[in-house]
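Coordinate-derived values only; no laboratory data. Just so you know, these numbers come straight off a predicted model, no measurement behind them. Every residue, glycine as well, gets a Cβ built from its backbone with ideal geometry; the counts of neighbours run over all protein chains shown.
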Amino acid sequence: MNFCPICAAPLMTKDLGGLPRRACPSPDCEFVHWDNPLPVVAALVEYDGKIVLARNHAWPEKKFGLITGFLERDETPEAAVAREVKEELDLTAGRVSLIGVYAFQRNNEVIIAYHVPASGSIVLNEELAEFRLVSPEKLQPWDFGTGLAVRDWLKRKE
């Protein structure tokens, strides 16, 4: 963010709360861009005993991940993760259970990850290019983002 959304003055960097923040220099305006992390939900979808991994159209050919999405206004994380599973896979979520909460600093996000048993027939939305069904015993966690939730879910299954 380079300009104040209230008065249009160019923002400057100020030390506020011990951290550099983009703030309006105008004495009549007190706008501060706090740049707080965004909450994101992630679904480790279990479907017919296997885990659904999906590839977004924007990702490289062999890169797959969990179903993720942003919360909407006035939406609980549990409702958001069920909505994302429906929107992206056209599956109906069963009882969702929290796996954990993970900082994803690279994207300035906080990931709230859930295990989501789901039913129905998989139909991908326009965001997704393809999916894979992976047996839990063959599932390999990755060392960042939603991969940490995969790791923790696998540990609980042992």
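Things to note:
- Those residues of region 89-128 whose amide nitrogen sits under 13 Å from the label point placed on Glu75, 7 Å along Cα→Cβ: 89
- The long axis of helix 77-89 is offset from the longest Cα principal axis of the chain by roughly 60 degrees.
- For the chain, share of DSSP beta bridges that run antiparallel, in % to the nearest 5: 75
- Qualifying GluC sites (Glu not before Pro) in region 72-108, where qualification requires a DSSP coil assignment and no more than 15 other C-beta atoms within 10 Å, comprise Glu72, Glu75.
- Positive-end residue of Trp34, Pro20, His57, charge dipole of region 16-63 with Cβ unit charges: His57
- Among the lysines of the chain, pairs at least eight places apart or on separate chains and with Cα atoms under 29 Å apart come to 19.
- Rounded tilt (10° steps) of 147-157 against the dominant C-alpha axis of the chain: 40
- Annotation: extensible slack from Ile6 through Asp90 equals 26.2 nm (criterion: 0.36 nm per residue apart, minus Cα-Cα distance).
- At most 10 other Cβ within 10 Å, DSSP loop - trypsin sites (Lys or Arg not before Pro), region 49-98: Lys62, Arg73, Arg95
- Projected label distance in nm at Thr13 and Leu133, using a 7 Å step from Cα toward the beta-carbon: 5.1
- Computed from the C-beta positions of Lys155 and Val32 and an R0 of 41 Å, the FRET efficiency is 0.55 to the nearest 0.05.
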